[in-house]
Each structure stands twice: as structure tokens, then as C-alpha cells.
Amino acid sequence: MLRNEAVNRYIDIIGGGPAGMMAAIIASGKGGRVRLWEKNGSLGRKLLATGNGRCNFTNQNISWDNYHGGDLKLAGGILENFGLDRTLEFFQGLGLTYYADSRGRYFPRSNEASSVLFCLEQEMERLGVEVNLISEIVSLTRSSGGWEVRQRGQVHKSDAVILACGGAASPQFGSSGQGYEMATKLSHAVVSPEPALVPVMLTGNWFHKLQGLRMDLRLTITRNDEVLFDITDEGLFTHYGLSGPLALKASRIIIGQGLECRLNFLPYIAEAEVIAQLKARRERLASRLTKYFLTGLLPEKLGQTMMTQSGLETDSSCREISDGQLQGLVKNLCRWPVNIKGLRPFKEAQVTAGGVDCRQVFPGSLMSKKAPGLFFCGELLDLDGDTGGYNLQWCWSSGYAAGQAAAEYVLTK
Ligand SMILES: Cc1cc2nc3c(=O)[nH]c(=O)nc-3n(C[C@H](O)[C@H](O)[C@H](O)COP(=O)(O)OP(=O)(O)OC[C@H]3O[C@@H](n4cnc5c(N)ncnc54)[C@H](O)[C@@H]3O)c2cc1C
């Protein structure tokens, strides 16, 4: 078919999040006539919330070891086609400058997620993407030779559709799982969606006084002496337990029987060295009140909590701390036992584990094996990444794949 004949062929994209916008740019850039449907009054509401408003949009160490879900080989191919270098080149081309922090996480130089959204919106405008806001798509059905995309009261005929409705995590930003319903109605299996990258609730009340404290911690999780998780990262104490990157990373495996979880509040010092340091400290600070023994070594509220938990919150002087008490304190500082109550709900999850079964799409194009002309991308698929920019990278990579394949599909139909 001649390229200009494709002008009358529509690609409809349902969902104006990062994956949908990326797909719109790529499909439009390849010559497709693209309509984007977004139920919110603005695009990319979740994107604006990413990275605490700073948008950690990719990572220096993109590899499919950082992804989980149905078929990692699928992720591998797609990440290889449009990985870190092409993502950086793409955003640079849109006028975005960026930097990587010491953990390899990329952020816009402005530290504003709105810069990323602005660049994507400008590019869609330049390419002539028709953006429809406050336009919820309520059903998607096959029709002769194509698709019917239905809003309340209106039907739009389409030649190819890209479903980019997101998952079930943080529905307050718009994605409430409607994509799963549409996919299921078209006979696609959906792997049960579960909250992932979600804060962790703890039992007890020792952490209540630590609310708001953000620090590097080491969390070790074992089952029958087998180490399942042993990571040092930033944790944030809250009224219910632990949030921050450490908790989000642990949330994938933290629920289960027979797990033993321990926190180390001094992750960068070996336990033997902690004992030596505390002995020297006891001598140096001999006349200080015991309850202030750790002040200066740890954040004050943590130091006092640990002294209380170790039975040492007294008005005696530090010289009276016995060797036995010191050993107990070191054990608490380096191997503090934590009991997990559960995970916070979907509303607080960053992503969804589960989704449209990856075995039902063709690797590479992300076109449905069951419904030709239907493509998937982003969080809607059963594929989720670790915290650190991996989920947005999946949106860029899968949006690229679906956008390109959908344009080729309509151009050669
Ligand atoms: C608080 C928070 C912080 C995060 N931080 C990071 C981070 O720093 N780095 C990172 O990599 N990832 C981060 N993530 C994850 C990342 O935001 C998601 O992986 C990503 O937004 C998924 O993109 P998506 O386009 O697939 O879906 P979404 O962003 O959910 O977009 C889907 C869009 O589709 C629309 N929609 C849904 N149904 C319909 C319908 N029927 N009709 C029309 N429109 C519809 C929704 O309104 C929504 O706008 C974070 C997530 C949260 C919640």
C-alpha cells in the first residue's frame, strides 16, 4: 500500500500514560494516523508522581535480570531493541537533559517529572497525534476488517488498537484495571494482578517513634538459614512500618511462611568493628548519661529507641554499661528482628505484578496472537521491574515496540 493511503487508517491508543504516549510518538513518526484516548483531564498523571515528582526514568544497568513476570525472553528482546542508549538519545532529541545519581538512576536535570511529560506532549503535538482527554474507552470489539473503540455514546472505527491502560496499582492516577477487562473479553488470559513495589507493614510499636526517619539500612531475609534477600538501601520509617526503596524491593518476597527478617542499622560497619567502636565509646563518654550513649552515632530518635529496646534508657552513666549489655545492644543494632504484618494495598503500590499473559503476544511486536491488529504495552502486560527506573524503561521499550509494529501493521494491511 502507498504510504499516503495509510492516512485514512487509524491507530487508536487507549491510555495516555508513558507507554501510550511513547507508542503514539513512534506510530505517528512512522506514518500512522494516531488517536490517543485518555480518561483523565490530563496526560501522564502517574508519570508526574514518579520518583517523588522527580521521575526516575531509566537506569544505567538495564538488563532483564531486573524484571519479573511471565516471559523474560520477551522483555529481553524488547529491551535490546530500545534500551538505555536509545532511550537517552530519544529524550535528548526531545530537548531533555538528564543526569544519573550514584545508584545509576537517571533523572531529568530539572528534577521535575513535568519536564519529561512536557517533552512527550510537545512531540505528539509536532507529529499531529490527536489527543482526546476526558475520553474513557468503555469497550473494545472486533468489527469487519478492524476494531470498534467505544466511548459512552460514541463509536470510533479503527484499523489497529494499542492497549496501554496501565495496571491496577495506584488507581487514584487513572489506571484502575480496565485494560484487564477489555483483554479478558477478547479471550486473553490475565495473570492475577498483585500489588508490587509496595510499602511493608510491621508488627509491634518500636518503629512508631521513628516515623519520618530516612536512612540506609540492611535488610536480610532468610528461610531455614537460606538467604533470600540481603540488600542495603534507603528505608523510610512510617506509622505502619517501612517504606522507601528498601521496603519496595523486599515487598516481592517478604510475604510467606517461615521467613526471618533482620534489620542492620549500621550497614556499613562489620559487627566486630561495631563492638570495638562501642567499647571505645563507653570509655570516651564514661560520664555521659546512658540514654544518650548512641547520640552522635545514630539519628537521635533511633539511638534512643535502640537504648530503650535494649533496656538501657537509664539515667546512670555510660561507664556502668556492662560488657553483656553492650553485646546485647550490638546484636540489636546489627540484627534487629522484624515481624511482617503484610503489604500495603494497591493504592500505595507503584506497579502491578501480573497482567495480560505475555505468552499471548508475539515477542518483538507485542501484537496479540488471538486478535490481529491489537497490541499491548506498559504495565498492563504481565511484566514488572525493580525499583530504580526499570518500570518506566519498560514503558519506553514496549511503547516503542507496539507503536512501531502497529504502524507497520496498518501500512501493510
Ligand atoms: C508513586 C509512584 C512512583 C513511581 N515512580 C517510578 C519511578 O521513579 N521510576 C519508574 O520507572 N517507575 C515508577 N513508577 C511506576 C510507573 O509510574 C509505571 O510503571 C508507569 O506509569 C506505567 O505506565 P503505563 O503507561 O503502562 O500506565 P499508566 O501510567 O498507569 O497510564 C495508563 C493511562 O491509561 C488511562 N486509562 C486507563 N483506562 C482507560 C480507559 N478505559 N480509557 C482511557 N484511558 C484509560 C489512565 O488514566 C492512565 O493515564 C511509579 C509509580 C507510582 C505509583
Looking at A286, P363, A349, which one has the Cα that reaches farthest to the positive end of the dipole of the chain (charges on Cβ: Lys, Arg +1; Asp, Glu -1)?
A349
Among I62, I13, I253, what is the fewest-to-most ranking by other Cβ atoms within 10 Å?
I253, I62, I13
I need the calculated FRET efficiency for the pair K347 and N52, taking r as the beta carbon distance and R₀ as 22 Å, to the nearest 0.05.
0.85
Summing -39500 (n - 2.57) over every DSSP H run of at least 4 in the chain, dividing by its residue total and rounding to the nearest 500, the 222 nm mean residue ellipticity is -9500 deg cm²/dmol
If packing is taken as the average count of other Cβ atoms within 10 Å, what order do 229-238, 353-362 fall into, highest mean first?
353-362, 229-238
Label points 7 Å out from Cα along the Cβ direction at Q257 and S110: separation in nm?
5.3
Of the candidates Y106, Y180, Y98, which one comes out as most mobile in a Gaussian network treatment of the chain with C-alpha springs shorter than 10 Å?
Y98
If one builds a Gaussian network model of the chain from Cα atoms under 10 Å apart, the most fluctuating residue listed among C55, C119, C377 is C119
Neighbour-count ranking [beta-carbon atoms within 10 angstrom, fewest first] of S187, S42
S187, S42
Under 5 Å, built H, 5+ apart or other chain: amide partners of L213
F237
Among I78, I62, G179, which residue has its Cα furthest toward the positive end of the charge dipole of the chain, with +1 on Lys/Arg Cβ and -1 on Asp/Glu Cβ?
G179
Over the Cα atoms of the chain the radius of gyration and the largest Cα-Cα distance (Dmax), both in Å, equal 25.4, 89
Residues T184, T290 in order from fewest to most other beta-carbon atoms within 10 Å are T184, T290
Expressed in nm to one decimal, what extension gain is obtained for the pair E271 and W206 from 0.36 nm per residue of sequence separation less their Cα-Cα distance?
21.2 nm
Positive-end residue, region 12-133 charge dipole about Cα centroid, Cβ charges, pick of S110, Y98, G29
S110
State to the nearest 20 debye the size of the charge dipole of the chain about its Cα centre, where the only charges are +1 on K and R beta carbons and -1 on D and E beta carbons.
480
Add +1 for every Lys or Arg and -1 for every Asp or Glu among the other residues with Cβ under 13 Å from the Cβ of G93, and state the total.
-1
Structure shown: which of K185/K413; K46/K413; K249/K291; K46/K249; K30/K369; K249/K369 lie over 30 Å apart, alpha-carbon to alpha-carbon?
K46/K413; K249/K291; K249/K369
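Computed from the coordinates by the stated procedures, all read-outs in this text should not be read as laboratory data. These figures come from a predicted structure and were not determined experimentally. Backbone-built Cβ (ideal geometry, glycine too); neighbour counts: all protein chains shown.
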